[in-house]
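See structure below.
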Amino acid sequence: AQKITQTQPGMFVQEKEAVTLDCTYDTSDPSYGLFWYKQPSSGEMIFLIYQGSYDQQNATEGRYSLNFQKARKSANLVISASQLGDSAMYFCAMREVFTGRRALTFGSGTRLQVQP
Amino acid sequence: NAGVTQTPKFQVLKTGQSMTLQCAQDMNHEYMSWYRQDPGMGLRLIHYSVGAGITDQGEVPNGYNVSRSTTEDFPLRLLSAAPSQTSVYFCASSYTGGGTEAFFGQGTRLTVV
């Protein structure tokens, strides 16, 4: 079974609108972290936001927020007020603390295109 | 403030050739790892290391070797290149804590012909 599932291969959003990128995960590890990375067309991997499995509040970083629903095992990324520069691939990833080699396991990604 | 440095950025190999992808970090991170990125598949773990002298296999280790003689360096060796190894390779480093982000190198685009 896939550990990280991103069901939206591609998304379109109008500039200045909000968009939600979906991510569900599967783990039996009681301690884990969830990450979102952005990969623009230039290819580098840019860290956006982190949520720990024991964190009570949803993580926020500027225009990025993580909608963490632990019981549903979902960790959706919300981007508010989209900008043209947000057009990129977005990857959800998980690190399991006690299992999974402590490596990041990635989903297949969502390509976001922001339209003017 | 170099972070994670990968060399080369681009490489073309002939089938059967060997080469080493270099990775160095200057953040004193214990944990280093190599991933490959293929279209539509996200990043997959090749090998990883939790400290100098300690390495282990990831999800797709076949055809690759690693060593970790220092904290800073984690080279990836392709023993006998195959077209199936055409991919983009990323090196990453982090502290070993569960909540710490991984810092990535710029990537190496490898083509095997």
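Any read-out appearing in this document is the output of simple, stated calculations on the displayed coordinates, not a laboratory observation. Since this is a predicted model, take the numbers as computed values, not measurements. Positions of Cβ are backbone-derived with ideal geometry, glycine not excepted, and every protein chain shown enters the neighbour counts.
Would you confirm, using the coordinates I've provided, whether B:THR100 is within 14 Å of chain A (Cβ to nearest Cβ), without any contact (Cβ under 8 Å) to a residue 60 or more places away in the chain and among the β-branched types (Val, Ile, Thr)? For B:THR100, the condition - within 14 Å of chain A (Cβ to nearest Cβ), without any contact (Cβ under 8 Å) to a residue 60 or more places away in the chain and among the β-branched types (Val, Ile, Thr) - is met.
Within segment A:1-24, being touching a strand residue (DSSP E or B) at 6+ places or on another chain (Cβ under 6 Å), more than 16 Å from A:LEU104 (Cα to Cα) and assigned to a loop (DSSP other than H, G, I, E, B) holds for A:GLN8, A:GLU15, A:ASP22.
Once segment A:79-116 is narrowed to residues that are assigned to a loop (DSSP other than H, G, I, E, B) and within 10 Å of chain B (Cβ to nearest Cβ), the residue that is nearest to A:GLU15 (Cα to Cα) is A:GLY109. Here segment A:45-63 is the region considered, the condition is being in contact with a Phe, Trp or Tyr (Cβ under 7 Å, 6 or more places away or on another chain) and within 21 Å of A:GLY109 (Cβ to Cβ), and the residue that is surrounded by the fewest Cβ atoms within 10 Å (Cβ to Cβ) is A:ILE46.
Could you look through segment A:25-53, keep only residues that are outside any strand (DSSP E or B) and under 17 Å from A:ALA103 (Cβ atoms), and pick out the one that is nearest to the chain's Cα centre (by Cα)? Here the answer is A:MET45.
Checking A:ASN76, A:ASN67, A:ASN58 one by one, the residue that is more than 13 Å from chain B (Cβ to nearest Cβ) and assigned to a loop (DSSP other than H, G, I, E, B) is A:ASN58 and no other.
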